[in-house]
Amino acid sequence: PFLLMCFRSPLVTPLIFGLLLQSPLTRPSVVTQPNIVLLMADDLGIGDVGCYGNDTIRTPNIDRLAKEGVRLTQHIAAAPLCSPSRAAFLTGRYPLRSGMDAINNYRVIFWNAGSGGLPPNETTFAKILQQQGYSTGLIGKWHLGVNCESRNDHCHHPLKHGFDYFYGMPFTLISDCQSTETPELDRAFRRKLWLYTQMIGFLTLTAALGRLTGLISVGWKTVTCLAVFSLLFFVSWFSSYGFVRYWNCIMMRNHDVTEQPMVTDRTMSLILRESISFIERNKHKPFLLFLSFLHSHTPLLTTEKFLGRSRHGLYGDNVEEMDWMVGQVLDAIDKEGLKDSTLIYFASDHGGWLERQEDKRQLGGWNGIYRGGKGMGGWEGGIRVPGIFRWPGVLPAGTVIDEPTSLMDIYPTVVHLAGGAVPQDRIIDGRDLMPLLRGMVAHSEHEFLFHYCGIHLHAVRWHQKDSGAIWKAHYVTPIFSPPGAGACYDTGVCPCFGEGVTHHDPPLLFDLSRDPSEHKPLSADTEPLFDTVIRKIGRAAEEHRRTLTLVPEQLSVYNVVWKPWLQPCCGTFPFCWCDMEDDN
């Protein structure tokens, strides 16, 4: 009787009708903890995807995500290289805050046996979702370190950062992983080491021949010391660089090494199989799947059925295979009846690698109309990436949002969707995107975004919301080589500091809303607001710097060098060889 009286109340009846008639965009989602699938490409340029303007590389599945969901046109990586960008993605914080940006030229994790990596005291979104009852899995690339002090402490490992399950590469795909390819890791430094070895060997041989012929007055003790030094010098570097395939090109399942070295012919099929298997195993409870593709990083591992299919050579073949893999994951979600309860996100970790070429073959991506590419912290081509969300029934299909957003925004977005709370004991630079994605607000919460190259602030973006202008001031830009080439082809990657950069005072200023390609810098003569904008951005940069605190440098020279006692090994070091995936 009491309930009947309540429903007959004149106040309750219109309230019920109001709830029933509210629009889909404002109605609370019936899925309180959606499944979350994060798809991240490696080195993919924003111009490589059909829905971002490419009409020659076929990406129907990625394009379908955009058609059925929300496409972001100003989605920005927090760094132009893998390790720092992925650290920012997982923590929602500029990589400088976790020590994952470099003060030197070693700007990423270089070895599985290095001691640097994502610090254990950082709280990833995976860790929070794990605490909220999610099954969490990472399939594919990690590239954020493995060990700290011993071979089995796994202090930087995915399982220490909130993932229940890991299958993939703890490192990153590099050309050294295929014996037929030209070595990629530290190529210039390796050439110097070979040269020094030859010089020392030549000196030792000359001394020995001189002693034998009597032409040089040198004792056998000196000759012996030179020979021992020559041998030790060679062993000191060849023990690492001579076995890159065995040390870096490995596959792991959780803490166990399953392939050393990896069998590249089947890597992509195994990653896809593991991804679909994870979805099938966890379909009855909320899950987080972070599928971190090895595509489209060199050496562009591509299965035979995709070779020669695109109009852009091996790189295009590789992108089209990745798109097919995206389609297979989407089909698996549909098959399990999870489409309406799953948020899917697709992005790249940074811009395409313009300088990556072999024998006049372009092996890196294309960044469309945007200037620069991978490794360049300020220019748009290095940091503007695809950003696509799909969640049927919750996010409006076919929507395009032209507001500044960041890969760091994924952190608070998925944490809030899972019912968790972002940490209050540290600065979180990301912003919850759901109000923007659902059309509940018109503008991004970001007023300023700071663009670093290593620890060096290269540019600052100001979103002037009242006018719609997006100002960007460049304090430092790389010097392209050869001049006017648009990239640093002579060195392979543009530097962040030193003689390879130009400092600008006053800064180069662009309005990206009018000049997204950054080709026409403004001046006080051409822009009446020039001085006002420069002062505003300068004050914001100073306020931002005051929020930074000193933390251990994860990419210091000591932390990035190879340490044999930290090397993951499936046998007894140094006899590391196994293939646990072989059917035989």
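The values are calculated or read from the model by the stated rules, or taken from the named source; none is laboratory data. From a predicted model like this one, the values you see are computed outputs, not experimental measurements. Every residue, glycine among them, receives a Cβ derived from its backbone with ideal geometry; neighbour counts consider all protein chains shown. We work out accessible area using only protein heavy atoms, side chains counted, and drop any ligands, DNA or RNA first. Shrake-Rupley method; radii C 1.70, N 1.55, O 1.52, S 1.80 Å.
What the pair-distance distribution of the chain shows, using all Cα-Cα distances binned every 20 Å from zero, is 19, 52, 22, 6, 1, 0 percent. What's the carbon and sulfur percent of the chain's accessible surface, probe 1.4 angstrom, rounded to a whole number? Roughly 59 percent, rounded to a whole number. Legend: residues Glu336, Glu149, sorted from most to least accessible area (1.4 Å probe; ligands, DNA and RNA excluded), read Glu149, Glu336. Note on the range 187-241: Cα-Cα pairs beyond 18 Å make up 37% of the total pair count.
Surface exposure of the range 114-251, expressed per residue as accessible area with a 1.4 Å probe, stands at 45 Å². If you take the Cα centroid of the range 191-215 and the Cα centroid of the range 39-82, the two points sit 54 Å apart. A cut-off of 5 Å between modelled amide H atoms, ignoring neighbours fewer than 5 places along the same chain, links Asp153 with Cys148. In this structure the amide hydrogen of Glu403, modeled in the peptide plane, comes within under 5 Å of the amide hydrogens of Thr73, Gln74, none closer than 5 places in sequence on its chain. In the chain, the calculated helix contribution to ellipticity at 222 nm averages -9000 deg cm²/dmol per residue, counting -39,500 (n - 2.57) for every DSSP H run with n ≥ 4. Backbone phi angles across the range 270-275, fed through the Karplus curve with coefficients 6.51, -1.76 and 1.60 (θ = phi - 60°), yield HN-Hα couplings of 5, 5, 5, 4, 5, 5 Hz in residue order; Gly and Pro are listed as x. Sorting Ile36, Ile428 by solvent-accessible area of protein heavy atoms yields Ile428, Ile36, largest first, with a 1.4 Å probe.
Once the 1.4 Å probe is applied to the protein heavy atoms, the range 480-584 comes out at 62 Å² accessible per residue. The alpha carbon centroids of the range 503-526 and the range 528-584 are separated by 30 Å.
Tyr489 sits with roughly 90 Å² accessible to a 1.4 Å probe, with DNA, RNA and ligands left out of the calculation.
At the residue level, Ile62 shows approximately 0 square angstrom of accessible surface with a 1.4 angstrom probe and all protein chains present. Backbone phi angles across the range 514-520, fed through the Karplus curve with coefficients 6.51, -1.76 and 1.60 (θ = phi - 60°), yield HN-Hα couplings of 10, 9, x, 7, 6, 9, 10 Hz in residue order; Gly and Pro are listed as x. You can think of it this way: the chain between Thr222 and Asn121 has 31.2 nm of extra reach, that is 0.36 nm per residue less the Cα-Cα gap. Computed over all pairs of different Cα atoms, the Kirkwood value for the hydrodynamic radius of the range 24-162 is 17.4 Å. The stretch between Asp531 and Val561 holds 6.3 nm of extra length on full extension. This uses 0.36 nm per residue minus the Cα-Cα distance. A straight line joining the Cα centroids of the range 319-362 and the range 228-283 runs 22 Å.
Using alpha carbons only, the radius of gyration of the range 134-176 set against its Kirkwood radius gives Rg/Rh = 1.00. Applying the Karplus relation 6.51 cos²θ - 1.76 cosθ + 1.60 with θ = phi - 60° to the range 76-85 yields 3J(HN,Hα) values of 10, 6, 7, 7, x, 9, 4, 4, x, 5 Hz, where x marks Gly and Pro.
His416 contributes about 90 Å² of solvent-accessible surface, heavy atoms of the protein only, 1.4 Å probe. Annotation for Thr32 and Tyr489: the two label points, set 7 Å from Cα along the Cα-Cβ direction, are 5.9 nm apart.
Distances between placed amide hydrogens fall under 5 Å for Ser310 paired with Asp317, all partners being 5 or more residues away or on another chain. The angle separating the long axis of helix 530-545 from the principal Cα axis of greatest extent in the chain is about 80 degrees. Of the cross-linked pairs Lys465/Lys536; Lys192/Lys374; Lys283/Lys339, those separated by over 19 Å at the C-alpha level are Lys192/Lys374.
Once C-alpha pairs closer than 8 Å and six or more residues apart are averaged by separation and normalised to the residue number of the chain, the relative contact order reads 26 percent. If you plug the beta carbon distance of Arg266 and Ser523 into 1/(1 + (r/R0)^6) with R0 = 41 Å, you get a FRET efficiency near 0.15.
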